[in-house]
Amino acid sequence: MTASSIPDLGSNSLSTSDPAAVRSWLSKHHPKQLALLDKFEIELRLGRLSSTTKAGPDGVIAAVGATSTSDRLLVTRRTVGLLKHIIGATRWKNGAQLLVLLRGLGRELHEVGGFREPVIENIVRRVMAAVREEAAGEPDGKATDTGRLSLQSILWALPQHVKSPSNRSLSRTDSHQRQSSIASEADLESTNEFPPAFYVNRPELKQTVMEAIQEIVTELEDVYGNIEDQATNHIHAGEVILTYGKSKTIERFLIAAAEKKRTFQVVVCEDSPSFGGHEMAKSLAKAGIDTIVIHDSAIFAVMARVNKVLLSAHAVLANGGLVASSGSNMVALGAYNNAVPVVVITGMFKLCPMFPHEGQDTLNDLVSPSKVMDITEIKDDLLSSVELINPVHDYVKPEHVSLYVTNVGSFQPSYIYRLLAEYYHTDDWKSFE
Amino acid sequence: MTTGTSTTAADEIPLVLQDLKKHLQSSHGDDDNLFDKSATAMPVAAIKALLGVVERSQATTMMEMQNELKQASDCMMNAATTSTDGRSHSIAVRSGCELFLKYVTRTFLEELPDFEQCRQAVLTRGERFAGISLAARDRIADLASDFIQEGQTVLTHGWSRVVASILLQAASTKHFDIVILEGRPDAAGARAAQFYSQRAKIPTTVVLDSAMGYIMDTVDIVLVGAEGVVENGGIVNKMGTNALATCAQANGKPFYVAAESYKFARLYPLLQRDIPNVGNIPMQFCDTTTNTTKEKETSFAPVDLSSDKVKVENPPCDYTPPKFITLLFTDLGVLTPSAVSDELIRLYQ
C-alpha cells in the first residue's frame, strides 16, 4: 500500500526548500494557503503585523489588545497561526517533507523582511524542532535520538558524529529527489539529510504535530503571566529601578510588582529619539508607581543610586548577549561600572540561534534620521555634508548582563546555550538567508 | 580467577602501547605533512587501542573486562606522562580512556543480557570511532569559521589541526591576517606559520612569544586549540596560552578555544601545578633564526645553563582558567566554559 503511494508523492510533494519552489507548489496545490501567506507577507512588509486592527489568519490576535508598535509576542503568535494553518491544510506525507516545507517558508519570510523581526524565524525553527521530535518519536520509545549532539552520542558513535557535515551539505540537494524514489526504509549510511524515521509515511503525524504546535501556542499565551509571577522575586521594597524606554514586558512586570503592594521607585530613561520612555512613565504613574523620567545623558549620573536595571530585549543571542533598543548598551555599561545588576526581562520566543558576528551591526537596522534632526531645521548646504544615522538597536555583551528573567525561569547568560538546545534543533540553526 | 585476569592483562600491556603507537603513526610518521587530515587524535587513538584490548580479551565477566581495560589505560597514561616530545599527551589519553570505559560500562549495563553479545556490540560500534576525529574537525570548522570576519587579524598560538581547519575554511571565503607566536621551545608556531603562508596563502606574521603584549592591540580575535579541556571549562594547552588569555582579556579581545569534545577530561585543576605535566625536560630550543644574515650582528652567544647554580624549568603545558575564555568551539556546538561541566556531568552522572 505504501509502495503504491510513493510514486504519486514524487510529483505532488515539495522537493526543495527554495522559496520560489514553495510558492509554486502552494499555488499549484493549495492556492488558499498561498493567499494567506501573501496577506501575511504584505502586512509584514508594511510593518503592520504587530497592530491589532487586522484580524489574523487564525483569529488568535483578537485577544491581545496591544497598542505598542513593537509587540513581538503578537508577531510570534500570528506567525504560529499562519504556520498552523499551512501545516494543517497542506498535503505532506512524512516529517522530511514537512521540514522541507517549513524551511522553505522560513526562507520566504526571511526574504520578505523577516530579518527585521527575528521572532518570526525563531518560531519557524521552533515548529521545525517540534516536527523533528514528533517524527523521530517512535511509539516504542527506543528511538530517542533526534540527532542531538552530546558526549553520550559520541560514545555510541552515532551517525551524526561520524558523518561529516560537508558531505551532508553536498548531498542536500539530491537527497530530496532521492526520497521520492527510495523506499521509506532508508538505511543508516544513506546520504539522506534527515534520519530514516523521517521518511516513513505516518498519517497520524499531522495530528501529533498539531498538538505540539498547540503546546507552543499555549506557552506563548502564558508568557506574560509566567514572567509577572516572578516580579516580587526581583523587585523589593524601597528599591530604585532604572529602565530604558518603552517595553510592554517590563511595564507589566513592574505593574505586577506594584499590585502585590511593593513600593519602589522607577527611573525611566526617555529613549530618544523615539521617546518611548515618556509613554512608559505615563503608564507606570497611572498604575500608582513612583516614577521619574530622566534624559538619556543623565543615565550615568543617576546610576550610583540605582539598585537594579531592567532592560527589554529585541533578541537574545546564542552567546548570552542581548540586542535591545539603541542606548541599552550605554545603560548596561553604566550599570557595570557601578556594579548595579542588569536584569533582562524577556519571553524566550526572542531567543535567536545566532552569534553576534557583526558586533554592533548584529540584527541592527538604520531607520530614517528625521527624528534625530528635523529636516526643515537644517539648511540645504549643511544637510549635504552632515551624515545623520539612526540605528534602532544596540548589542550588549553577555558580561554586562547579570540575569535573564524569562517565561521559563531565570538564567545567567552563560546558560542560554542550553535553552537553545532545548528549543531548536542544531541542524535548523543555519540562517534562512 | 583474579590472578588469571591480572596475568592476561600483564601480557596485554605491551600490546596496548604498540597499538597506541600504531594508531598514532599517521600523524607522527610523516613529519613534513603538518596538516595530515587523516591523522588520528590522541584520545581517539587511545580509544582504538582499548578496542584492541576488548578484542583480545579472554574475560568472561564484566568485572574482568573492566579490570583489564583499567590496567591498559593506566599503562597508556604512564607512557604518555613519560614521553619526552614536549607535548603533554596524558590529558588527551586520559579523556579518551575515561570516555571509553564509560562507554563499555554503559553498553554492558543497558544493552544486552549476554556478555558475548555485548562484547560484539562494543566492537562493531567501536569501528565507527575512526571517523569521529575527522567529522568533529569538519563540524567545528563549519561552526566556527563565521567568527572570523573579513579583514580581521587572528592571533593564534601553537599548532592545532582544529584551528587550522577553521582558518582554512574561513580563508576560502574571506581575507584575513594571521599573527602567530613563535612557540618556543619546539617552534610549533613558526612551523604553523610556514603552513599557513605557503600552503594556505594566508598573510602570516610570526612574533616572539614574549611579544604577545606588544602585538595584542593590533589583533581582533585570539584563537587557540587545546590539549585537553578540564571540567570547569578551562583548558590545558601549549605553554604560553595562559599568558595569552590573560593578555587578551586585559585588552578586551575575545579569546576562543577550538577543541573536539572527546578532549573533555574529568580534571579540576586549581593551580598550574595541578595539571599532570611531563617530568623535567631539559631546556633546549629549536632555533628559528636563519643564518643568511650577517652572523655577527644577529646571533647571540649561547648561554650555558648547565652549571648547577641555575634551576631550569621547562614544562610543556599550562592551564588557562575559564574566566579568560570567551567561547569554546566544539563539535557539540559553540559552548560557554560552564557548558563543559554540564556536558561532563550529564555523561558521568
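The values are calculated or read from the model by the stated rules, or taken from the named source; none is laboratory data. Everything quoted here is computed from the prediction, not taken from an experiment. Ideal geometry is used to build each Cβ from the backbone, glycine not excepted, and the neighbour counts take in all protein chains shown. The accessibility values were calculated without ligands, DNA or RNA, using every heavy atom of the protein model including side chains. Shrake-Rupley method; radii C 1.70, N 1.55, O 1.52, S 1.80 Å.
Observations, loosely collected:
- Of all residues in segment B:118-145 being free of Cβ contacts under 8 Å to residues at least 40 places away in the same chain and within 7 Å of chain A (Cβ to nearest Cβ), the one that is nearest to B:ALA59 (Cα to Cα): B:ARG125
- Wholly enclosed helices (runs of 4 or more DSSP H) of segment A:249-343 bearing at least 3 residues outside the structural domain of A:LEU366 (by TED's automatic domain parsing) and at pLDDT 95 or above: none
- Positions within segment A:386-404 being surrounded by fewer than 16 Cβ atoms within 10 Å (Cβ to Cβ) and in a helix (DSSP H, G or I), in sequence order: A:GLU399
- Some residue of segment A:373-385 being open to solvent by less than 70 Å² (accessible area, probe 1.4 Å), of a type outside the set (A, V, I, L, M) and part of a loop (DSSP other than H, G, I, E, B): no
- Failed item in (1) without any contact (Cβ under 8 Å) to a residue 60 or more places away in the chain; (2) open to solvent by 50 Å² or more (accessible area, probe 1.4 Å); (3) more than 14 Å from chain A (Cβ to nearest Cβ), with B:PHE115 passing the rest: (2)
- Some residue of segment A:201-214 being in a loop (DSSP other than H, G, I, E, B) and assigned by TED's automatic domain parsing to the domain that holds A:GLY334: no
- Counted residues, segment B:146-175 - those being of a type in the set (Gly, Ala, Ser), more than 13 Å from chain A (Cβ to nearest Cβ) and open to solvent by less than 30 Å² (accessible area, probe 1.4 Å): 3
- In segment A:192-239, the residues that are within 15 Å of A:GLU259 (Cβ to Cβ), of a type in the set (Val, Ile, Thr) and without any contact (Cβ under 8 Å) to a residue 40 or more places away in the chain: A:THR232
- Index of the failed condition, B:LEU50 passing every other in (1) under 25 Å from A:LEU151 (Cβ atoms); (2) at pLDDT below 80; (3) touching a Phe, Trp or Tyr at 6+ places or on another chain (Cβ under 7 Å): (2)
- In segment A:390-428, the residues that are touching a residue at least 24 places away in the same chain (Cβ under 8 Å) and of a type in the set (Asp, Glu): A:ASP394, A:GLU399, A:ASP427, A:ASP428
- Residue count for segment A:298-331 satisfying the condition of being surrounded by fewer than 20 Cβ atoms within 10 Å (Cβ to Cβ) and either under 14 Å from A:LYS246 (Cα atoms) or charged (D, E, K, R) (or both): 1.
- Only one of B:LYS253, B:LYS323 that is part of a loop (DSSP other than H, G, I, E, B), surrounded by 12 or more Cβ atoms within 10 Å (Cβ to Cβ), modelled with pLDDT of 90 or more and not polar (S, T, N, Q): B:LYS253
- Some residue of segment A:405-414 being under 20 Å from A:LEU333 (Cβ atoms), open to solvent by less than 50 Å² (accessible area, probe 1.4 Å) and of a type in the set (A, V, I, L, M): no
- Selection count, segment A:264-297, where residues are buried (at least 20 other Cβ atoms within 10 Å of the Cβ) and charged (D, E, K, R): 2
- Flag for A:SER414 being assigned to a loop (DSSP other than H, G, I, E, B) and within 14 Å of chain B (Cβ to nearest Cβ): no
- Any hit, segment A:125-132, residues being modelled with pLDDT under 85, open to solvent by 10 Å² or more (accessible area, probe 1.4 Å) and not polar (S, T, N, Q): no
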